[in-house]
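Undergrad: Below: one structure in structure tokens.
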Amino acid sequence: MFDFEKLDLYQIVKNQNVKVLTLLKSNVSIDPYLVEQWKRSSLGIMLNLVEGTGRMADQDKRNFLTIARGNVYEAVAILNLLKDLQLVTDSEYLDLYQGYESCSKMLLAMYRSYAK
């Protein structure tokens with residue numbers, strides 16, 4: 001088992017991506033550009049977390065965590081737009097929003113742990 005697979009944060013981010021990709025697969029009304037951007041930002045959270053976990057230097061780890069947190073913000077902005085366009089339900093929005101909020105808080109805590 002790889003170190004990143006042991007992280008609660010990784011499991012949350014992976015589950016978040018399953019939800020996003022499932023929603024995008026079933027909702028063909030969403031503009032293809034937004035679909036690709038949302039996939040990129042949401043998957044970027046997971047991939048930057050994983051890559052940062054594999055780095056040896058704390059500065060490198062913090063850099064990838066910062067990028068992952070930026071990806072969270074991008075994903076939330078897209079989610080907000082889709083809600084305003086009524087392309088996601090209120091329950092889908094709330095579930096995904098809360099997941100991203102948890103990810104953001106956990107990424108910040110992890111970042112701070114490497115800053116000591």
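Undergrad: Taking into account only those residues within segment 81-93 that are touching a helix residue (DSSP H, G or I) at 6+ places or on another chain (Cβ under 8 Å) and in contact (Cβ under 8 Å) with a residue 60 or more places away in the chain, which is nearest to residue 106 (Cα to Cα)?
TA: Within segment 81-93, the match that is nearest to residue 106 (Cα to Cα) is 92.
Undergrad: Among the residues in segment 91-105, are any of a type in the set (Gly, Ala, Ser), surrounded by 13 or more Cβ atoms within 10 Å (Cβ to Cβ) and closer than 14 Å to residue 20 by Cα?
TA: Yes, some residue in segment 91-105 is of a type in the set (Gly, Ala, Ser), surrounded by 13 or more Cβ atoms within 10 Å (Cβ to Cβ) and closer than 14 Å to residue 20 by Cα.
Undergrad: As an exercise: evaluate residue 51 against (1) more than 17 Å from residue 107 (Cα to Cα); (2) free of Cβ contacts under 8 Å to residues at least 24 places away in the same chain; (3) not aliphatic (A, V, I, L, M) and give the number of the one condition it does not meet.
TA: (1)
Undergrad: Still on this structure, please answer the following. Can you confirm whether residue 67 is closer than 16 Å to residue 101 by Cβ and not basic (Lys, Arg)?
TA: Answer is no for this residue.
Undergrad: State the number of residues belonging to segment 81-90 that are of a type in the set (D, E, K, R) and surrounded by fewer than 13 Cβ atoms within 10 Å (Cβ to Cβ).
TA: Number of matching residues: 2.
Undergrad: Also: Take the residues in segment 60-80 that are over 18 Å from residue 43 (Cβ atoms) and either out of contact with any helix residue (DSSP H, G or I) (no Cβ under 9 Å at 6 or more places or on another chain) or in contact (Cβ under 8 Å) with a residue 24 or more places away in the chain (or both); name whichever of them is surrounded by the most Cβ atoms within 10 Å (Cβ to Cβ).
TA: Restricting to residues being over 18 Å from residue 43 (Cβ atoms) and either out of contact with any helix residue (DSSP H, G or I) (no Cβ under 9 Å at 6 or more places or on another chain) or in contact (Cβ under 8 Å) with a residue 24 or more places away in the chain (or both), the top hit is 61.
Undergrad: Would you please name the residue that is surrounded by the fewest Cβ atoms within 10 Å (Cβ to Cβ), looking only at residues in segment 15-45 that are more than 14 Å from residue 82 (Cα to Cα) and among the polar types (S, T, N, Q)?
TA: Filtering segment 15-45 for residues that are more than 14 Å from residue 82 (Cα to Cα) and among the polar types (S, T, N, Q), the one surrounded by the fewest Cβ atoms within 10 Å (Cβ to Cβ) comes out as 26.
Taken together, the values in this text are just the output of simple stated rules run on the coordinates, not laboratory data. Note that this is a predicted model, so its numbers are computed, not measured. Don't worry about glycine lacking a Cβ; one is built from the backbone with ideal geometry, like all the others, and counts go over all protein chains shown.
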